1. Based on DSSP, what percent of beta bridges with both residues in the chain are antiparallel, to the nearest 5?
2. Between GLU173 and SER13, what length in nm is gained on full extension when 0.36 nm per residue of separation is reduced by their alpha carbon distance?
3. So how much slack lies between LYS53 and ALA145, counting 0.36 nm per residue of separation and subtracting their Cα-Cα distance, in nm?
4. Could you check the spin-label model distance between LYS84 and LYS152? Points 7 Å from the Cα along Cα→Cβ, value in nm.
5. Roughly how big is the range 2-197's charge dipole about its Cα centre, with Cβ charges of +1 (Lys, Arg) and -1 (Asp, Glu), in debye to the nearest 20?
6. What FRET efficiency do you get for ARG138 and GLN40 if R0 is 30 Å and r is their Cβ-Cβ distance, rounded to the nearest 0.05?
7. Report the antiparallel proportion of the DSSP beta bridges in the range 92-191 as a percent, rounded to a multiple of 5.
8. For the peptides 155-164, 23-32, what is the packing order when you average, over each peptide's residues, the other Cβ atoms within 10 Å and list the highest mean first?
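The numbers here are math on the coordinates, done by the rules we state, and not lab data. What you see is a predicted model, and the numbers here were worked out from it, not measured in a lab. All Cβ positions, even for glycine, are placed from backbone atoms using ideal geometry, and neighbour counts span all protein chains on display.
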Amino acid sequence: MKFLVFVDTHGDSEALKRIVKKAEEADAIICAGDITIFEQDMNKIINELAGTKKLIFIIPGNHESAARMENMCKHHKNIVFLHKKIKILGKHILIGYGSGGFSLIDNNLKKSIGKIKDTVKKHSGKKIILISHGPPFRTNLDLIADEHCGSKTIKELILQIQPDLFVCGHFHENFGVEENIGNTKSINPGPKGKIIKL
């Protein structure tokens, strides 16, 4: 299956047009958040994404409130609001955790790791995709000016469930950066997006 992954378009209409065009090559779309600048034109942006007619999995970034984004996504049958949720798509299992991006430790996510592990175990054999807005700690994805600023909790989750694909954003300096974390292909696709076959 071909997934178009992208993040951090921040209301850039040209970036959004490129994503919509690129979506023609994909079976489904994954967005790791920050499609707006503090929710400006969020409804319009979500409508444009929905217009691709592709199945879209989306989480909020630190520029969107989860409640408002979820409410807007409800109006579109092809958009799945994935924040703090797990969805099964054929041979794939998608896990989403959005917002934030500034905390080393996320206690709410930490409490959910056991449940996530149980769900993954129950669906053994499926390809796992983990989507987070913030990057994992001590990786090339969170390295800013020689300092690591990512999430230790996200890193812990990656190491424990070893998803096939991890998608994040948040740090614009790292657009396009890819790294293997154990067996996990990890990427900050940035606003240009990338097609990944999985």
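1. On the way: 15 of 40 bridges.
Percent antiparallel among DSSP bridges in the chain is about 40.
2. Values: separation 160, 0.36 × 160 = 57.60 nm, distance 2.03 nm.
Extending this stretch completely gives an extra 55.6 nm.
3. Working: separation 92, 0.36 × 92 = 33.12 nm, distance 3.99 nm.
In short, 29.1 nm is gained.
4. 2.3
5. Approximately 1140 debye in magnitude.
6. Details: r = 34 Å, r/R0 = 1.12.
Once the sixth-power term is evaluated, E becomes 0.35.
7. The antiparallel fraction comes to roughly 30 percent.
8. On the way: 155-164: 18.6, 23-32: 21.0.
Highest-to-lowest ranking by the protection proxy: 23-32, 155-164.
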